[in-house]
1. Calculate how steeply helix 805-834 sits against the longest principal axis of the alpha-carbon atoms of the chain, using the helix alpha-carbon long axis, and give the answer as 0 to 90 degrees to the nearest 10.
2. Considering the options G153, L220, I728, tell which one lies farthest towards the positive end of the dipole of the chain, charges being +1 on Lys and Arg and -1 on Asp and Glu at the Cβ, about the Cα centre.
3. If you take the square roots of the eigenvalues of the alpha-carbon gyration tensor of region 233-284 and sort them as a ≥ b ≥ c, do you get rounded (a/c under 1.5), prolate (a/b over b/c) or oblate?
4. Which of the trypsin sites (Lys or Arg not before Pro) across region 649-711 are loop residues per DSSP, with 14 or fewer other Cβ within 10 Å?
5. At a Förster distance of 41 Å, what's the computed FRET efficiency of V821 paired with A414, Cβ-Cβ distance as r, to 0.05?
6. Grab the Cα-Cα distance for L444 and L91, subtract it from 0.36 nm times how many residues apart they are, and report the gain in nm with one decimal.
7. At what distance in angstrom do the alpha carbon centres of region 809-846 and region 298-344 lie from each other?
8. If you put +1 on each Lys and Arg Cβ and -1 on each Asp and Glu Cβ, how big is the dipole of region 615-654 around its Cα centre, in Debye rounded to 20?
Amino acid sequence: MTSGHGWRRYLRFVRPDPAADVDDEIAFHIKMRVERNIALGMSPEDASRDAIERFGDHAPVREELVHHDQRQQVRAERAEYVSDFMRDIKLGARSLRRAPGFTIAAALTLALGIGANSAIFSVVNAVVLQPLPYAQPDRLVAVGQGSMGEYLGLRDRLRTIVDLAAWVPQAHPVDDGRDALRLNGVAVTTNLMPMLGAAPLVGHGFTAHDGTPGNNDVVLISYGLWRRQFASAPDVVGRKISIEGLPCTIIGVMPPSFHYPSDDVEYWQPYAINPANLGLMWGVGGKRFIGRLAPDATIDRARREVHSVWPSLRRTNPLWDPGADYRVNATAAPLKADLVGGSASLLWLLFGSTLLVLLIACVNVANLLLARATSRERELAVRAALGGGRGRLVRQLVTEGLVLAVIGATAGIAIGWAIVRGLVANMPAGIPRGNEISMNGPVLAFTLGVAVVTGILFSLAPALRATSAGRSTSAGVGLGRRSTIGRSHARVSGVLVAAEVALAVLLVVASVLLVRSFVALGAIAPGFETTQIVAARISAPAGKYGAYSSRTPRLLAFYEDVLRRAQAIPGVRSAALVDQLPLAAPVNGVAVRVQGQFEDAKHTLPFIQHMQTVSPGYFAAMGIPLLRGRAFDDNDGADQPPVAIVSRSVARQFWPNGDAVGKRLGYPFDSPWLTVVGVVPDTKQDSLRDTSNVSIYMPWSQRSLLVGSELWLVTRTVGDPAAAGAAIRRLVAEIDRSVPVSDVRTMDAVVADSMSGSRFTMLLVGAFALLALTLGAVGIYGVMSYLVSERTREMGIRIALGASAAGVVGLVVGRAARLAVAGTIVGIAAALVATRFLRDWLYGVSPTDPVTFSVVPLLFLGVAVLASYAPARRATRADPAAALRAD
């Protein structure tokens, strides 16, 4: 044995070394043989040579022995670790049971933070993180939207995209023979389903023949519609239903997991491409294009090709020249990013808010653990005196924190499940994949991970602090008072509370900005009256009433009958019809010719963002005043010269120095001029945030070729709006039961629904901010209570020496105020940076709004004063004699 082996023996007291042990054993046996040989008379060299020869090739034996001993060591260490860990868990559980008040407070604090995180993560996971449920979803790309003429042009020219499909949303009246419903559907090119790798659960899919004019009278229905309207009948394939009054045959039922492009789609129809109809091919946009990348293509190559190819289609438009800026921003994007859209940033905002709440909860629990560790100094000192090392004590305290975190996570799962149900029920329209949101396996795994991380996070620092204090106590000051430790604890607690306040300030600032933005949005005047106005969507089947024609007597007669009966409803003062109700959905626009300015349709034409066709009386029913000229009347019939009414912004844009009345506009194709007969104020059309106020109105009886058979009935009432809504349903059913009436709402409800996204964000962030503010107040209260309990002797002496109650209160409250000020300064600095990312959600308020950044610090100062007042009053009741007798 060499001298180097000696010190390795001492290392094996710290950690066994199986290889060294085996080497020592082999060396021992060889040494014993050598000594025996020498005793028999051999020279040392011969004795050593003989011993080695007799022992043989020991390398394989050594390797097997080392491997065996290593396995034994790992098993022993694992068993010891598991045994120690289980013992720590049992000890931690007993310790928590002995302090039920602390356990309940800490677990509830953690449950709120973990539950909120689990709920929001379940939404983020379903909407943003999970891959789309389609074949090779990472190869699918969105290519924008346009007309079917553009679709054919791109399909023939793109090389990085091997398959291109198109779809367009639609909502039509559907009659299954029992109920007349208005359902959301999609018209798709026949290659869409195969591209997505989707096949019907029952029946078969579309064929190329179904995409030709006159042969698209087939339909695929959703699983939900199959269950709801057809009771999951296995013989549903082959049944007839009518869509827009035209007979269609059900050829299949899609699986329950298929919802493309949105959760509310109930049926899919093949889109019949008719290149001979130039108006529909090039004059109607809104078709969405998706494709699959070629095997050797990347998304960057596809972006470059789309950016190059699409603008080159400018000269192929046979109707008008779309201008030099045509599709200059054309690009391709991953389909998932296109579907999620702006929802991703909203969800990450909410997730960030819950993380802040969780951090605040961790800080609160860490403060509770610090206070509890101080009360356990005697216990920890005894453990240290009996030989418990610092590492062993830290592990025990951290394990206790993990037990507490698991308790909080268990309660948090229940809280998260309730929050998820509320989120799904109240989620605003536009957030995709809502049907996939649930507390599933990945969410539970995330919750467990959060519990472990938070358990370590909030318990490690107090454990290190407590064991350091325990060692000091056992070594130096025995088991007596611990004023030095108390002051040290107070400093650490103060830092934690300041950090807690900073996080809460950041969240409260964001919440106040969103609240002020929502208030500013709600204060916007839409340009029309909303009270006592009831709107109902009436969907006359186009196939039955002959829509998409300039003169359809049956359709005219139907709506004239509806209008006449509506005006006779008791409590209805006026009634009118409009094709696109403001704020209910985006209002379509149209390019126009302007006499004397933009007359040639072959050149770039100005675009009017909003075009509505209305019946006489619409402006009176909606409370829109007339600024110039006249309103529409019954003389503006289909056989009369076409007329129009424009908004004030249109008049200023085209005739800034003259009267718009008497001027003329026209469609972008060859058609008679429309004479402007009136000017009305600008109104909000797409949303209250809408900054484009240009609108043009035309009489419904002179409607364009592009207007369908669905209209909104608007009634101004003096009685119960709900009664008027029920009467509208009855009167339409009396005229024709196959005409569905849907979305019966007051205009107040329409305006409120248009703000649902802002309201949803504001309420959630506001709830998290309120929770953060509450936790901050609890943290300040806890620290001040501990401070008072630790300084009982000092307070008693101060009172004995003549200190006033106000002075003692000021001492405690001043300490809390300083902590709040320190945390607020840090929080305000962080908010100045973070709130820049809120710009897209704000309206009428700056991300650095000075009022908000002034009010929030005052709010937290007030919270600090209120939270510390009760401990401060308790300090004034300290008994000087009892304080001096205290240990």
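1. 60
2. I728
3. Numbers: a/c = 2.89, a/b = 1.61, b/c = 1.79.
Oblate.
4. On the way: sites: R652, K663, R664, K684, R689, R703; in loops: K663, K684, R689, R703.
When the trypsin sites (Lys or Arg not before Pro) of region 649-711 are filtered for loop state and at most 14 Cβ neighbours within 10 Å, R689 remain.
5. Numbers: r = 38 Å, r/R0 = 0.92.
Result of the calculation: an efficiency of 0.60.
6. Details: separation 353, 0.36 × 353 = 127.08 nm, distance 2.64 nm.
Residue separation times 0.36 nm, minus the Cα-Cα distance, leaves 124.4 nm.
7. Cα centroid of region 809-846 versus Cα centroid of region 298-344: 44 Å apart.
8. Values: 4 positive and 4 negative charges, 80 e Å.
The dipole of region 615-654 has a size of about 380 debye.
The values are calculated or read from the model by the stated rules, or taken from the named source; none is laboratory data. For clarity, every value in this text was computed on a predicted model and none was experimentally measured. We place every Cβ from the backbone using ideal geometry, glycine too, and count neighbours over all the protein chains shown. Just the protein is used for accessible areas: all its heavy atoms, side chains included, with ligands, DNA and RNA removed. Shrake-Rupley method; radii C 1.70, N 1.55, O 1.52, S 1.80 Å.
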